[in-house]
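Below is one structure, written out as structure tokens; the observations come after it.
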Amino acid sequence: MTGFADEEDTRKVQTAVIGRAGSDTPVFLPYDQDEFDLFMRGRSRDDFYCGTLLGGCGKKLSAKRYTEKKCHFAHRPPVHCRRTANGEAARVHQPALLLAALPRT
């Protein structure tokens, strides 16, 4: 396996949500193709969205499998997303984002 963790490309989206754009169920797409295959078992490539609670655009994402670079999610064209948190940290901090999005009473 190559040094995927050392590869820096902030355009690659590693986190998504499942089921719908406003979902509160984040997932992290593994970098490695073998782990990608395990991750995708039982899932459709149409299950993933750029989560609005993650600061995303709400559009569908495609899971991309690669052998020479990191596997990642990609927006389907046309792309007009301004999301800045694309890595695993976006998934880890999801609960804080969800709390911030709740209406205050």
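Points to keep in mind about this one:
- Separation of the Arg83 and Asp46 label points, Cα + 7 Å toward Cβ, nm: 1.9 nm
- Packing, as the average of other Cβ atoms within 10 Å across residues, places the peptides 33-42, 48-57 in the order 48-57, 33-42, highest first.
Each reported figure results from applying straightforward, stated rules to the coordinates on display, with no laboratory input. Model, not experiment: these values are computed from the prediction. As a convention, Cβ positions derive from the backbone with ideal geometry for all residues, glycine included, and neighbour counts pool all protein chains shown.
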